[in-house]
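Contents: one structure, followed by commentary.
What follows is calculated from the coordinates using simple rules that are stated; it is not laboratory data. Since this is a predicted model, take the numbers as computed values, not measurements. Neighbour counts are summed over all protein chains in view; Cβ atoms, including those assigned to glycine, are modelled from backbone coordinates with ideal geometry.
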There are 2 protein chains.
Amino acid sequence: MERDAPRLPARLRREAVEPDRTAPGHEARASRRAAAGYARPVTRPTLTGTPDAVPALEIHDLLQGDDLELIDRWLAQADTVEIAEELSRLPRERRGVPFRLLAKDRALDVFERLDPSVQQELLEGLRDINVRQIFEEMDPDDRARLTEEMPAKVARQLLAGLSPNERRLTSTLLGYPEDSAGRLMSPEVASLRAGMRVADALDRLRRTGRSAETIYALPVTDDRRRLVGALGLRDLVLAAPDQPVEELMDTAVFSARVDTDQEEVARLMLEADLLALPIVDHEDRLVGIVTVDDAMEVLEEEETEDVARTGGAEPLGRPYLATSILQVARSRVIWLFVFLAAGAITVNVLAAFETTLAAEVTLALFVPLVIGTAGNTGAQSATTITRAIAVGEVRLADLAPVVVREGGTGLFLGLILGAIAFGPVALLVEPGIAAVVALTLLIACTMASLIGSALPLAAKRTGIDPAVMSVPLITALVDASGLIVYFLVARAVLGL
Amino acid sequence: MERDAPRLPARLRREAVEPDRTAPGHEARASRRAAAGYARPVTRPTLTGTPDAVPALEIHDLLQGDDLELIDRWLAQADTVEIAEELSRLPRERRGVPFRLLAKDRALDVFERLDPSVQQELLEGLRDINVRQIFEEMDPDDRARLTEEMPAKVARQLLAGLSPNERRLTSTLLGYPEDSAGRLMSPEVASLRAGMRVADALDRLRRTGRSAETIYALPVTDDRRRLVGALGLRDLVLAAPDQPVEELMDTAVFSARVDTDQEEVARLMLEADLLALPIVDHEDRLVGIVTVDDAMEVLEEEETEDVARTGGAEPLGRPYLATSILQVARSRVIWLFVFLAAGAITVNVLAAFETTLAAEVTLALFVPLVIGTAGNTGAQSATTITRAIAVGEVRLADLAPVVVREGGTGLFLGLILGAIAFGPVALLVEPGIAAVVALTLLIACTMASLIGSALPLAAKRTGIDPAVMSVPLITALVDASGLIVYFLVARAVLGL
C-alpha cells in the first residue's frame, strides 16, 4: 500500500509528533489544556515569510477531492491551527469528510478553533453520538459561545444531553448576557486561599490544577470566596516554600464584574498587560477568569465589526469564504437603503437649485469634485475619531479639543485645496466659477471635518456604536450639505 | 498639614498598596517583572461600566493645576495604567510636573506604558540624569522601540551612556529591521536544556528566571542553543521532579525567524493561542521571545493603521490628543491631493459629456445619487475584502471566489436599488430618465463591487498594503467610472 500511495508534495510533508490524548471527557480536556499554555503540538515550519499562493490552492483542492488516503496523510502532518483554517475555507458541504477523518482528540482541538458559526454547521452534518461527544468535551466557555449560534431547540437538546457537571458549568455562563464578562469567562478558575503557604499552594495546584483554564494567574480568595489578591505562578515558583501567600500577593487587583462588557474587559487586559482577569459577582466573590487568548479574540471580533460598519455594512459574523452571496448581500442592503435615502436628499437639493443650475450649467461640471473632496475630508475625520474612541484615547468629555483639532484641520485643508483648485478651474472655465469652487471647498471641508468628528461622539453619547457613523453615512450627510453650500455660494458670487 | 489639606473627592480616593521597589537597575526591573505576569499592583476599582464623563475632566484639570500636593495624592492612589493614560491626554508641556512627582520605580512603570512618541517628548523635558536612569532600567525591547522615535544623535548619546550589558541587549535588537520579530522580541529568554530533569529545570529557573521576560513559556534547546522543543511552566509544576524535560516537551513547536514581519508573528500568536513565541536566527538558534502582550499591541497598532488608511488618511502614530492640528493635517493632506486629482478626472468626464448634459439638464439632478450609491457599494466591498485579507481569511489565491461573491452581491444590490429608484424618479421627472438611473445603478454597483474587491487583492499581489485601497480611493475610481456609465446609458436610452 505504501509503495503505491502517491507521495505528498515535498512542501506538504512535515514531521508531526503529538501527545497521546485518549483519555475521555474531562481528563482529555485537562491534558489538552496542559499543552495549551505554551504551544499546541504543531508541525508548522518556522515562519519565513514565503508567499502563500501555491500551497493554499493545492490543499484546498486536495481536501475536496476523493483521495481519502492523501487527505488523511495531510491531516496527520498538519497542525490543528492550519486544519481549522483550511476547513473554514471549504464550502459548507465539503467539510464533513476531512473532519470525520480526524482522530477523536485532534478533532476536538480543531473543532474548538473554528468560528462558532462554522462549528454549528459542522455539527449539523455529524452523527448524533459524535455531536454529543464533542459538545461534552468542549471547554465550557467555548460551548457557551457555540450555543449562541444554534437554534434554540437544538441547543436545549444538546444541553440536556450533557453530564451534570458540564451542564452546570455551561448554564452558569449562559445565565449571563451575551457579550458580557460572565459569558466570556471560564468558570474553571484555579485559586488560592489567603492563609496558605507557597508549598501548600503548589500542592493544591498539583492536585486540582489540571482542569483549570490557566494556572499562571492565580486569584487569592478569603474563606467566603471573595477576591482579596492575586499572584502569578512565577511568584510561587521563585519563592521559598514556607513563605505565606499573603506576603507575595498583590492586594489591589484588577477584576471585573460579571456584567461588564466583554470589549471593556479585553481592552483593560490589553492596557494593563494582563494574562488573565478574575471575574467577580456582585458580592465580589470569584466566579471565573478571562484569559488573554479570549481577550485577543474579542478585540479582533470587535475590530472586524467596527471596520465593517466604517465601510457602511453590517459585520458578516463568520469567515468571509464561509459566507454565501445572499448572506453578504444581506449584510449590506440595509445600509444601501440608508444611502439611497441620503441620495434622494441630494436630488431634492439639486431640484431646489434647478434654476441656478440652468442659469450656469458649467456648475454641474464640478459637483462630483466638490462633494467628493468634502466627503473624503469628512471620512478622514470620522475614521480618526471613531478609532480614537474605540481604543480609549478620546472620551465624551473631549468634545472641545476634538472639535478644535478637526475644525482647524478641516479649515487648513480646505484652504490648501481651494487654493490649488482655483487656478486650473479658472483656466478651464472662468475665474468666477473658480472662486465658487474654491470657496465651497474651504467651507465644505471645514464643515465636513466638524460633522465627521462630532457625530461619532454624539453617537457614543446616546449609546449607539460610534462606528455606525460610517464613512458612507458621513459622506452622505456631507454631500447634501456640501451641495447646499455650493449653490448658495454660486448664487452669492455669481449673482444668480 | 493633613487637616488643612483639601480632601480628594470621594471617587478619587482609593486604597493603594504597592510592593517596595527600591532596588536599582536590573534588579528593579526583575522585581517589577515579578508582578507583571499577573497584574500590576493597582488600585482600579472593579469595572462596573459606569459612565466616564465627570472623573476624567476633574483629573485632567487637576494634573494641570498648581496644587502639587493634590496631584501627589492622586498619583499615590491611581494605578500606573491610569496615570499613563492621563499623562497621554495632557498637552506636551504639562506632563513633566506630574511625572516628576512620581517615586522613581513607579515613574519607570508609568514610562514604559506610554506610547514611544510620548516617551520621547517626556524625556526631552527631564534632566539628563533622570533620563539616563530611565533609559538604563527599561526593558531592552521597549528601549529599542523608544530609540526608533528619537533623533539619531540623541539615540546615539543615550545608547553610549548605557551599561555594557544593557547596550549589548539593545544593540542586538536594533540590528534587526524595524517591524520585524527581531526588533519586537525580548532577548532575555528563559530556556531549558534538553537533557534536564524537572527538578533541575525548576532550580535553574529559580536562579536565573528573575530577569527573564517570561517564565511561563519555556523553549528547550540543545547544547548548540538550537530550538528543539518547548513546554509551559504549568507542565513543569504539575510533573514529577525526576521526569526528563524531553519527555514533557512538545518537539514540534511554533517559532519565527528574526526577520519575520511583526504582524505575522502577532497573528500567529492570536490564531494559535500562544502566550509566547520563540524567535530563532537563520541557524535555528534561540535568540529571543515575543510575549503575548507585545503581540496584542502590535495588532492594535496595525489595526489603527488599517483603519486610518481605510478612511483615506495616514496613521497618526501617536495618541490623538497628543497630536497637534498641524500633525493631524499632515497625515491627511497627501491623500487629499490624490482625491483632488481623482476629482479632476470627474470634471474631465463631465466636460466630455457636456453636450449630453446640456441636452438633458435633468440628468444633473441624479449625478450625486448615482455616483454616491455606487461609491458606497464599492466601499462596502473594499472594506470587507481588506479586512478579510488582514485577518487571513482571504488569500491571493482566492481571487476567483471573491470576484464571484462580490460581483454577485453587487449585481443583486444594483438590481434591488435600480428597481426601488425607478418609480420615484419616473414620478419626479419621466420614465426615460428613470430607466437611465435604474440601469446605471445596476451596472455601476456591479462594477463598484468588482473594483472594490479586486483592488485590495491586486495591492497585496504587488506588495502594497491592501488598506491603501481606501474607501475614498475606491470611491474616487468608482465615481469616475460611474459617471461614464451614466452618460453612456443616457445617450443610448434617450438617443442623445
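Helix B:104-113 versus the longest principal axis of chain B: what is the Cα-based angle in degrees, 0 to 90, to the nearest 10?
Between the helix axis and the principal axis of chain B, the angle is about 30 degrees.
Let me check the size of the stretch A:116-184 from its C-alpha atoms; what are the radius of gyration and Dmax in Å?
Cα-based Rg and Dmax for the stretch A:116-184 come out at 11.2, 33 Å.
Is there a simple number for the mean count of other chain Cβ atoms within 10 Å of the Cβ of residues in A:404-413, and what is it?
Other-chain Cβ atoms within 10 Å of each residue's Cβ, averaged: 5.
Per residue, how big is the convex hull of the stretch A:77-172 when only Cα atoms are used? Give it in Å³.
Value for the stretch A:77-172: 91 Å³ per residue.
Could you give me the radius of gyration and the Dmax of the stretch B:251-326, taking only the C-alpha atoms into account and expressing both in angstrom?
So, for the stretch B:251-326, Rg and Dmax equal 15.6, 53 Å respectively.
Taking the Cβ of each residue in A:THR356, A:THR346 as the centre, tally the other Cβ atoms inside 10 Å and list the residues starting with the fewest.
The most exposed by this proxy come first: A:THR356, A:THR346.
About the Cα centre of chain A, what is the dipole size in debye to 20, counting +1 per Lys and Arg Cβ and -1 per Asp and Glu Cβ, all else neutral?
Taking the Cα centre of chain A as origin, the dipole is about 380 debye.
Would you be so kind as to identify which of B:THR291, B:LEU174, B:LEU399 lies farthest towards the positive end of the dipole of chain B, taking Lys and Arg as +1 and Asp and Glu as -1 on Cβ and the Cα centre as origin?
B:LEU174
Check which residues have an amide H placed less than 5 Å from B:GLY312's amide H, if you skip close sequence neighbours.
Under 5 Å from the amide H of B:GLY312: B:VAL471.
Among B:LEU496, A:LEU231, rank each residue by its count of other Cβ atoms within 10 Å, from fewest to most, as a rough exposure measure.
With the fewest neighbours first, B:LEU496, A:LEU231 line up as B:LEU496, A:LEU231.
Take peptide A:334-341, look around each residue's Cβ out to 10 angstrom, count Cβ atoms belonging to other protein chains, and average those counts.
Average neighbour count from other chains, rounded to a whole number: 5.
Scaled to the compact-protein estimate 2.2 N^0.38 Å, what is the alpha-carbon radius of gyration of chain A, rounded to two decimal places?
Normalised Cα radius of gyration, chain A: 1.26.
Given points 7 Å out from each Cα along the Cα-Cβ axis, report the A:SER171 to A:GLU314 separation in nanometres with one decimal.
For the pair A:SER171/A:GLU314, the computed spacing is 3.3 nm.
Determine which aspartates and glutamates satisfy two conditions relative to A:LYS104: a Cα distance under 12 Å, and not lying fewer than 8 residues away in the same chain.
Result set, ordered by chain and number: A:ASP20, A:GLU137.
Based on alpha-carbon centroids, what's the gap between the stretch A:275-314 and the stretch A:382-450 in Å, whole number please?
36
For a quick check of your reading of the filter: which trypsin sites (Lys or Arg not before Pro) in the stretch A:87-166 sit in a DSSP loop and have no more than 12 other Cβ atoms within 10 Å?
Answer in residue order: A:ARG127.
Between A:ALA217 and residues 5 or more places away or on another chain, which pairs have amide H atoms under 5 Å apart, with H built 1.01 Å from N, and which residues are they?
A:LEU233
What is the magnitude of the charge dipole of the protein assembly as shown about its Cα centre, with +1 placed on the Cβ of each Lys and Arg, -1 on the Cβ of each Asp and Glu, and no other charges, expressed in debye to the nearest 20?
With only Lys, Arg, Asp and Glu charged at Cβ, the dipole is about 380 debye.
Enumerate the whole-percent occupancy of each 5 Å bin, from 0 to the last occupied one, for all C-alpha pair distances of the stretch A:159-263.
2, 12, 19, 20, 18, 12, 9, 5, 1, 0
Which of the trypsin sites (Lys or Arg not before Pro) found in the stretch A:188-287 are in a DSSP loop and have at most 10 neighbouring Cβ atoms, other than their own, within 10 Å?
Here the sparse-neighbourhood loop sites are A:ARG224.
With unit charges on the beta carbons (Lys and Arg positive, Asp and Glu negative) and the dipole taken about the Cα centre of the protein assembly as shown, which residue among B:VAL228, B:TYR486, A:VAL228 sits farthest to the positive side?
Selected residue: B:TYR486.
Label the stretch A:216-277 by shape, choosing from rounded, prolate and oblate, from the square roots a ≥ b ≥ c of the eigenvalues of the Cα gyration tensor; if a/c is under 1.5 it is rounded, and otherwise prolate applies when a/b is larger than b/c, oblate when it is not.
The shape class here is oblate.
Of the GluC sites (Glu not before Pro) in the stretch B:273-349, which ones lie in a loop per DSSP and count no more than 16 other C-beta atoms within 10 Å?
For GluC sites (Glu not before Pro) across the stretch B:273-349 that sit outside H, G, I, E and B with at most 16 neighbouring Cβ atoms in 10 Å, the list reads B:GLU283.
Using Cβ contacts closer than 10 Å as the measure, can you line up A:SER381, A:SER186 from fewest to most?
Going from least to most buried by this count: A:SER186, A:SER381.
For B:ILE325 and B:ASP242, what does the FRET efficiency come to when R0 = 51 Å and r is the distance between their Cβ atoms, rounded to the nearest 0.05?
0.15
How much of the pair distance distribution for the protein assembly as shown lies past 42 Å, counting alpha-carbon pairs only, in percent?
It works out to 42 percent of all Cα pairs.
Ignoring solvent entirely, what values of log10 I(q)/I(0) come out of the Debye formula for the stretch B:300-382 at 0.16, 0.23, 0.25 Å⁻¹ when each Cα is a single scatterer?
After summing over all Cα pairs, the log10 values are -0.80, -1.14, -1.22.
Rounded to the nearest 0.05, what FRET efficiency do A:ASP203 and A:ARG285 have when you use their Cβ-Cβ distance and R0 = 35 Å?
Computed FRET efficiency for A:ASP203 and A:ARG285: 0.90.
Which value in nm describes the separation of the simple spin-label points at A:LEU68 and A:VAL468, placed 7 Å from the Cα toward the beta carbon?
That separation, rounded to one decimal, is 5.2 nm.
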